[in-house]
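Here's the structure we're looking at; comments come further down.
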Ligand SMILES: Nc1nc2c(ncn2[C@@H]2O[C@H](COP(=O)(O)OP(=O)(O)OP(=O)(O)O)[C@@H](O)[C@H]2O)c(=O)[nH]1
Ligand SMILES: [Mg+2]
């Protein structure tokens with residue numbers, strides 16, 4: 001156990017926002033304290049946490065809806081963590097979206113931990129960082145942890161595999177985006193949230209989505225296509241009510257446990273890539289050949305992983 005990780009662990013337990021932020025930075029950079037920090041985390045709280053994914057096409061209202069969702073959960077006295085995956089900000093900053101959220105209603109609330117993570121300029125490692133951040137937030141007593149990510153691109157889609165329950169936020173006027181995501185919708189979404197239902201086209205989008213989701217509704221008996229107006233709080237209480245029932249359903253059926261196990265596999269794989277990359281770069285140089293790169297890669301894998 002390093003001295004720094006020890007101090008951070010006490011800070012996390014004491015819900016000190018600076019310690020939480022520094023701990024997440026430590027795992028994001030995978031620095032020398034990351035391993036002892038993560039292995040020293042109190043893990044008993046994570047089982048009862050709800051990890052809620054919020055995804056959907058750009059502009060559908062994900063960030064807007066996150067705010068009333070937080071407010072409603074805060075009224076239930078829950079401590080909340082938010083991880084906003086930000087595809088647009090540069091790796092050093094990563095704060096554009098975070099600032100946008102912070103400027104909203106929850107900036108001064110110590111029971112809301114906000115963190116943004118940039119995707120641009122990084123080679124993988126996003127699942128690893130986000131998964132570790134979830135455990136840090138849980139160890140600091142967060143009861144609901146929201147992961148907001150734009151629903152396009154593989155790395156963004158992988159992220160929602162960390163969630164217990166995923167809301168796909170859609171809105172009228174996103175026809176092309178929705179067509180492109182149709183297969184993904186069924187795979188990753190537990191709820192389809194037709195946001196902006198104050199504008200034309202919401203009803204027909206809802207009907208279309210209900211048609212796609214007919215089977216999912218039958219599984220649990222819970223309404224899975226819901227309408228909201230994120231800008232004026234409409235439909236948020238009903239949405240969270242449905243999510244709560246759904247969480248009870250997936251917990252009782254062992255689905256949540258299975259999803260967690262899968263999420264651990266996804267995250268472990270991401271850590272393996274993260275940790276192997278620098279080592280492999282060295283190995284490649286040391287085992288230089290004039291083979292075709294595809295052949296050379298296979299040869300190196302056979303040598304390094306004879307079991308595979
Ligand atoms: N009319 C209406 N506008 C909304 C509603 N929800 C969000 N908006 C507006 O839609 C725009 C986009 O909302 P965001 O919350 O930034 O969307 P986002 O999905 O987070 O977008 P990205 O972060 O870019 O992926 C903003 O101008 C919001 O004010 C709604 O229910 N009704
Ligand atoms: Mg957003």
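Structural remarks
- Max mean-square fluctuation residue, GNM over the chain, Cα-Cα springs under 10 Å, options 176, 270, 190: 176
- Neighbour counts of C-beta atoms inside 10 Å place 212, 85 in the sequence 212, 85, starting with the fewest.
- Beta bridges by DSSP in the chain, antiparallel share as percent, to the nearest 5: 5
- Kirkwood hydrodynamic radius of segment 1-41, Cα pairs, Å: 9.6
- Most to least packed among 160-171, 7-18 [average Cβ atoms within 10 Å]: 160-171, 7-18
- Over the chain, dividing the summed -39,500 (n - 2.57) contributions of all DSSP H runs of at least 4 residues by the number of residues returns a 222 nm mean residue ellipticity of -17000 deg cm²/dmol.
- Per-residue Cβ neighbour rank within 10 angstrom, fewest leading, 279, 256: 279, 256
- Taking the chain as a Gaussian network of alpha-carbon nodes connected by springs under 10 Å, the highest mean-square fluctuation of the residues 137, 117, 181 belongs to 181.
- Normalised per residue, the volume of the convex hull around the Cα set of segment 186-308 (Å³): 203
- Shown here are the Rg and Dmax of the Cα trace of segment 42-265, at 16.3, 49 Å.
- Taking the chain as a Gaussian network of alpha-carbon nodes connected by springs under 10 Å, the highest mean-square fluctuation of the residues 143, 238, 187 belongs to 187.
- In plain terms, the residue of 284, 147 with the fewest other Cβ atoms within 10 Å comes first and the most crowded comes last, giving 284, 147.
Read the figures in this text as sums done on the coordinates, not as results from a lab. Keep in mind that what you see is a predicted model, and the values were worked out from it rather than measured. Quick reminder, even Gly has a Cβ in these numbers, built from the backbone with ideal geometry, and neighbours come from all protein chains shown.
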